[in-house]
Amino acid sequence: MPMLTYQRLPANPKQFVEFWSLRYEYAIENLYIDNIRQELTGPRILNLFHWKNGTRLSKRKETSVNHNFIQRKNELAQLQPNESAEDFAKDFLDRFNNGGAIWRIFWLHCWKPDRFPIYDQHVHRAMVFIKTGVREKISQDDPQKIKAYIHSYLPFYYDNFADFDERERAVDKALWAFGKFIKISNFPLAAPNENRQQIHQPDC
């Protein structure tokens, strides 16, 4: 019978990503691997959003993906992402302004996966906890989600993880797994005087 103790240890970004990315599990991961960085055809886009959704798309969701993304995919060829990541993300998300904030951000990622990371509730929770030691739910308000992605998450991502090769999506996997862990676990909060801007990993 395994008996474990828990100890929180500070870690640098490399240690954090190595530890937490190994704890990422997603049953339909093949849908992402097989379709990302390929020509964004209608079937590939549906497969990517199936992956993001976690289950097959309902008729309503499939209609939304078709209307807001697939039917507008030719517009991507008109875009020139030569601004800063934050400025371009704002312009892109203003242009594709329907379909829900998280899916619009994912659409941005599908187009330029090496430049624009995925953002969702678990990644948000991980970011806020790393920065402040507080567990925070993502906003239910779409404009606030967009604002958080552009002004908080992109700077946080590039400040901490810019040197990582994201073809294996290790950073996203690590943040997703960590954010999910602190949601479902009785994870101890930081002490009042503890330096907040640290990356944490448990030692079991």
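The values are calculated or read from the model by the stated rules, or taken from the named source; none is laboratory data. The shown structure was predicted, so the numbers you read here are calculated from the model rather than taken from an experiment. Counting neighbours? That spans all protein chains shown, and the Cβs are built from the backbone with ideal geometry, glycine included.
General observations
- The set of residues in segment 39-61 that are surrounded by 12 or more Cβ atoms within 10 Å (Cβ to Cβ), of a type in the set (S, T, N, Q) and outside any helix (DSSP H, G or I) contains only 41.
- Residues of segment 138-150 satisfying the condition of being touching a helix residue (DSSP H, G or I) at 6+ places or on another chain (Cβ under 7 Å) and within 22 Å of residue 87 (Cβ to Cβ): 139, 142, 145, 146, 148, 149, 150
- Residue 87 being within 16 Å of residue 168 (Cα to Cα) and surrounded by fewer than 14 Cβ atoms within 10 Å (Cβ to Cβ): no
- Hits in segment 26-35 (condition: surrounded by fewer than 18 Cβ atoms within 10 Å (Cβ to Cβ) and either among the β-branched types (Val, Ile, Thr) or assigned to a helix (DSSP H, G or I) (or both)): 28, 29, 30, 33
- Condition broken by residue 64, with the remaining ones in (1) outside any helix (DSSP H, G or I); (2) surrounded by 13 or more Cβ atoms within 10 Å (Cβ to Cβ); (3) of a type in the set (Gly, Ala, Ser) satisfied: (1)
- Residues within segment 63-75 that are more than 21 Å from the chain's Cα centre (by Cα) and more than 12 Å from residue 41 (Cα to Cα), tallied: 3
- Only one entry of 190, 177, 148, 170 meets the criterion of being at pLDDT 95 or above, within 18 Å of residue 9 (Cβ to Cβ) and of a type in the set (Gly, Ala, Ser), and that entry is 177.
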